[in-house]
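Trainee: The following block contains the structure, expressed as structure tokens.
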Amino acid sequence: MFIRLPLDRFGGLLFVLALHGAALWGLWSHRLIPTPEDAMTLFVNFIAPPAPPKAEEPRQAPQKPRPIEKPEPRQIVAETPVIAPTDHVAPAPPPKPGPVIEAPSVQAVEAPPAPKAAGPVTLATELSVACPERTAPAYPSLSRRHNEEGVVTLRVELNEIGQVVSARVNTTSSFPRLDEAALAAVRSWHCNPATRNGAPVRAVALQPFKFVLQGN
């Protein structure tokens with residue numbers, strides 16, 4: 001079966017084939033396309049021979065890390081003094097047995113009781129007898145106006161040098177102004193100290209005061 005082509009297509013195909021043939025001829029003539037022998041030589045020389053296998057290097061075993069050494073704890077030890085060979089230390093002699101002396105038993109002796117402090121001496125007479133320096137009490141003016149009279153008795157205590165250290169009302173006159181006048185007067189007195197076994201001691205005495213208005 002033949003396919004009929006138009007003349008213009010057939011002519012174009014021939015023209016294309018002619019161009020390809022001319023191109024091939026030009027390349028071959030200028031040695032741009034190698035001959036079959038050269039192509040085989042070039043193909044054989046292009047493949048490089050395989051490289052010889054390299055010798056395997058021995059593998060080194062991985063090194064293990066060294067353990068960290070912990071410092072040993074040190075103990076402080078007290079050293080005894082070194083004795084030189086020339087130092088002769090004589091041993092202590094053993095104690096000699098001796099007679100056993102028993103200490104006599106001591107009995108506790110009770111101390112005698114301390115003497116009690118003696119109280120003040122009570123004078124048998126009035127205080128005024130032992131007081132060379134004394135003043136009479138002043139009569140209160142209000143008591144004069146109100147005609148106040150009476151007798152007050154005081155209890156007076158002297159120290160070791162004859163001074164009045166305390167005074168209080170032992171028997172009242174029933175009028176406070178008269179009692180206060182008697183106390184003020186006796187506190188200014190200076191008396192001779194009482195004695196016991198030749199030594200001055202405290203003393204107590206009573207002293208009465210009589211308040212009387214003149215003209216009654």
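Trainee: Taking the Cβ of VAL169 as the center, what net charge do the other residues with Cβ under 10 Å away carry, scoring Lys and Arg +1 and Asp and Glu -1?
Mentor: 0
Trainee: Please state the charge dipole magnitude for region 121-211, taken about the Cα centre, from unit charges on C-beta atoms (+1 on K and R, -1 on D and E), reported in debye and rounded to the nearest 20.
Mentor: My answer is approximately 60 debye.
Trainee: Determine the percent antiparallel among the DSSP beta bridges restricted to region 121-211, to the nearest 5.
Mentor: That works out to approximately 90 percent antiparallel.
Readers should treat all values here as calculations from the given coordinates under stated rules, not as data from a laboratory. Remember, it's a predicted structure, so these values are computed and weren't measured experimentally. Virtual Cβ from ideal backbone geometry, glycine too; neighbours counted across all protein chains shown.
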